[in-house]
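Here the structure comes first, spelled out in structure tokens, and everything after it is commentary.
The values are calculated or read from the model by the stated rules, or taken from the named source; none is laboratory data. Note that the structure is a prediction, hence the values are computed from the model and not measured. Every residue, glycine as well, gets a Cβ built from its backbone with ideal geometry; the counts of neighbours run over all protein chains shown. For the accessible areas, the whole protein counts, side chains as well, though only heavy atoms, and no ligand, DNA or RNA atoms are used. Shrake-Rupley method; radii C 1.70, N 1.55, O 1.52, S 1.80 Å.
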Amino acid sequence: MELLDITEDEYHADKTRISASMVKMMHAKTPAHVYDAYFAEDREQKDTPAMAFGRMVHAAILEPEKFDDKFMVMPEGLDRRTKEGKDLWADIQASGKSVVKHDEFNSALKMSASVHALPIWVDIMANNPQFEVSVKTKEKRARMDTFVPPCARFPDGLIVDLKSTVDASPFAFGRDLNKLGYHLQAAYYCDLVAELSGKTPEFLVIAVEKTRPFIAKPYWVGAGEIEIGRKYAMEAYQKLVDCIALNNWYGYGDEPEDIELPGWAYSEFEESLEITTEDD
């Protein structure tokens, strides 16, 4: 299996292969959303503060030795209206470093320290991990935060995905697993690696909280969760293939239909609601 060491921009520029992100969006939204986000000529190239912070956290965890070469704290009291401020800002821009707020910089370092302190991370680092690598087939692509090739500790290999979160507790992160489609991503990645290598790797998610005390918690995505994710991923993938082939990117539908409250909203009124049938 060939692991591609390409930049994130190069990876995302590839529109000839289907990614897990496309599949997750197709599952959660509509073909129209997928088209607008990934295929439209005038699509918005969004780079939100949350995305920028996520990249910084990944760099702090995966490339700590390069972190200070890529990021720096905004100098306190910098005034770009003054000559001194303009000169300093020019030097900063020339350095190529990303300038971030002091609290964000420290948060990224503390999140990194929390992940690095995990015993499983020690095992990962001891077994030739490869960071930010991509794999491709003719139809599919995936970019893995961390891949550990088959070894004594991980006989079929290991994929590690880092997720920053508000709440890394089992209950809360279990909801994130379902809501954000992490199990679809796990199935898609594992199946793609299996197709290329003949071995189905294990899949580990490391959730790390974005606020104090920056707790990190590793979670195995088990066979049952991956099987559910695989079912949804396959359905979404096939829908995406059909949309591409037919160039038909439909939304929610044009015809009016009845709208219902979620099931839990009726429970409080179950006894008072009159339910009638055709026989009444």
> Most mobile of S169, S114, S267 per a Gaussian network model of the chain (Cα springs, under 10 Å)?
Replying inline: S267
>> Below 8 Å, C-alpha to C-alpha, sequence gap of six or more: please give me the relative contact order for the chain in percent.
In response: 22
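Rounded to the nearest 500, what is the chain's calculated 222 nm mean residue ellipticity when only DSSP H runs of at least 4 contribute -39500 (n - 2.57) each, over all residues?
It lands at -13000 deg cm²/dmol.
Quote the convex hull volume per residue of the stretch 1-100, based on C-alpha atoms, as a whole number of Å³. Don't jump to the answer; show the numbers that get you there.
Values: hull volume 17.4 nm³, N = 100.
Considering the Cα atoms of the stretch 1-100, their hull volume per residue is 174 Å³.
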> Dipole of the chain (Lys/Arg Cβ +1, Asp/Glu Cβ -1, origin at the Cα centre): which of A126, L204, G229 lies farthest to the positive side?
Replying inline: A126
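Between E84 and R175, what FRET efficiency comes out of the Förster formula 1/(1 + (r/R0)^6) with R0 = 41 Å and r the beta carbon distance, rounded to 0.05?
Numbers: r = 50 Å, r/R0 = 1.22.
With R0 = 41 Å, the Cβ-Cβ based efficiency is 0.25.
Relative to the Cα centre, what is the charge dipole magnitude of the chain, using +1 at the beta carbon of each Lys and Arg, -1 at the beta carbon of each Asp and Glu, and rounding to the nearest 20 debye?
On the way: 32 positive and 50 negative charges, 339 e Å.
It comes to approximately 1620 debye.
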>> Averaged across orientations, what area in nm² does the convex hull of the alpha carbons in the stretch 16-158 project?
In response: 12.4
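Ignoring ligands, DNA and RNA, please state the percent of accessible area on the stretch 139-215 from carbon and sulfur, probe 1.4 Å.
Working: 1710 of 3170 Å².
Of all accessible area on the stretch 139-215, carbon and sulfur atoms account for 54 percent.
From the P(r) of the stretch 218-258, could you give the percentage of C-alpha pairs in the tail past 14 Å?
On the way: 542 of 820 pairs.
The share of Cα pairs beyond 14 Å in the stretch 218-258 comes to 66 percent.
For the stretch 48-91, take the convex hull of the Cα atoms, compute a quarter of its surface area, and give me that in nm², please.
Average of the hull's projected areas for the stretch 48-91 equals 4.0 nm².
Please calculate how many Å² of accessible area the chain carries per residue, with a 1.4 Å probe and no DNA, RNA or ligand atoms counted. Before the final figure, lay out the partial values.
Working: 17350 Å² over 280 residues.
Heavy-atom SASA per residue in the chain reads 62 Å².
Only helices at least 27 Å long along their axis, Cα-based, and averaging 0.0 or more on Kyte-Doolittle count here, so list those DSSP H runs from the chain. Kindly include the intermediate steps, with their values, before the conclusion.
Details: long enough: 223-246 (34 Å, 0.15).
Helix filter hits for the chain: 223-246.
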> Under 12 Å Cα-Cα from K110, which aspartates and glutamates qualify once same-chain neighbours fewer than 8 residues away are excluded?
Replying inline: E209
> Which residue, A32, A94, A186, tops the fluctuation ranking in a GNM of the chain built on C-alpha contacts under 10 Å?
Replying inline: A94
>> With every protein chain left in place and a probe of 1.4 Å, what is the accessible surface of H116, to the nearest 10 Å²?
In response: 60
>> Using protein chains only and a probe of 1.4 angstrom, how many square angstrom of Y250 are accessible, to the nearest 10?
In response: 100
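May I ask you to derive the relative contact order of the stretch 51-99, considering only C-alpha pairs under 8 Å and at least 6 residues apart, and to give it as an integer percent? Display every interim value, and only then the final one.
Numbers: 21 pairs, mean separation 18.6, N = 49.
Here the relative contact order equals 38 percent.
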> Tell me, what is the Rg over Rh of the chain, with Rh the Kirkwood radius over Cα pairs?
Replying inline: 1.05
>> Under the 0.36 nm per residue contour assumption, what length would be gained going from the current alpha-carbon distance of F39 and D258 to full extension?
In response: 75.7 nm
>> What aspartates and glutamates does K210 reach when the alpha-carbon gap must be under 17 Å and sequence neighbours fewer than 8 apart in one chain are set aside?
In response: D103, E104, D161, D167, D176
